[in-house]
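Trainee: The structure's right below; bear with me while I get my questions together.
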């Protein structure tokens, strides 16, 4: 009985420690993200396939990058997104770097409409 109690106590401490670290991580990320970045992150899901490029720019503002190359801050771990981008039909990419580690990308096709959205961070 004592052994079972010790094991349960150890498991409870591990969960408590894990939960505390998770709360600290979210708190730090929130503190390091500006209100403007949080507003951008809230608006990004409103961008949808078929939306005109001009509507995207009105909603999100000017991108940091606007060109023919798709890119998140890192490729490792986002291979599926790079494959989606390759086959999306996008001819231009509008890319915003937001906060300390997030990248948001909107693929625009030859008819000046959204054909893909993506986001990624470390």
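The values are calculated or read from the model by the stated rules, or taken from the named source; none is laboratory data. The structure displayed is predicted, hence computed values, not measured ones. When we count neighbours, we look across all protein chains shown, and the Cβ atoms used for this are built from the backbone with ideal geometry, even at glycine.
Trainee: Give me a count of the residues in the stretch 83-112 that are under 13 Å from residue 47 (Cβ atoms) and touching a helix residue (DSSP H, G or I) at 6+ places or on another chain (Cβ under 7 Å).
Mentor: Qualifying residue count for the region: 6.
Trainee: Another one. Give the residue that is modelled with the highest pLDDT, with candidates limited to residues of the stretch 98-120 that are within 12 Å of the chain's Cα centre (by Cα) and surrounded by fewer than 16 Cβ atoms within 10 Å (Cβ to Cβ).
Mentor: That would be 101.
Trainee: Select from the stretch 55-80 the residues that are touching a residue at least 12 places away in the same chain (Cβ under 8 Å) and part of a helix (DSSP H, G or I) and write down the one among them that is nearest to residue 98 (Cα to Cα).
Mentor: 60
Trainee: Do you know which residues across the stretch 50-82 are more than 26 Å from residue 34 (Cβ to Cβ) and touching a helix residue (DSSP H, G or I) at 6+ places or on another chain (Cβ under 8 Å)?
Mentor: Step one: of the stretch 50-82, the residues more than 26 Å from residue 34 (Cβ to Cβ) are 50, 52, 68-69, 75-76, 79-80, 82.
Of everything in the stretch 50-82, just one residue is more than 26 Å from residue 34 (Cβ to Cβ) and touching a helix residue (DSSP H, G or I) at 6+ places or on another chain (Cβ under 8 Å), namely 75.
Trainee: Please verify whether the stretch 24-45 includes one or more residues that are at negative phi, assigned to a loop (DSSP other than H, G, I, E, B), surrounded by 14 or more Cβ atoms within 10 Å (Cβ to Cβ) and at pLDDT 85 or above.
Mentor: No, because not a single residue in the stretch 24-45 is at negative phi, assigned to a loop (DSSP other than H, G, I, E, B), surrounded by 14 or more Cβ atoms within 10 Å (Cβ to Cβ) and at pLDDT 85 or above.
Trainee: If you don't mind, another one. What are the pairs, 6+ residues apart or on separate chains, where a residue within the stretch 40-53 that is without any contact (Cβ under 8 Å) to a residue 60 or more places away in the chain has its Cβ under 9 Å from a residue that is in a helix (DSSP H, G or I) and surrounded by fewer than 16 Cβ atoms within 10 Å (Cβ to Cβ)?
Mentor: 43/59; 46/59
Trainee: Before we move on, is residue 94 in a strand (DSSP E or B), surrounded by 15 or more Cβ atoms within 10 Å (Cβ to Cβ) and in contact (Cβ under 8 Å) with a residue 40 or more places away in the chain?
Mentor: When the stated conditions are applied, residue 94 passes them.
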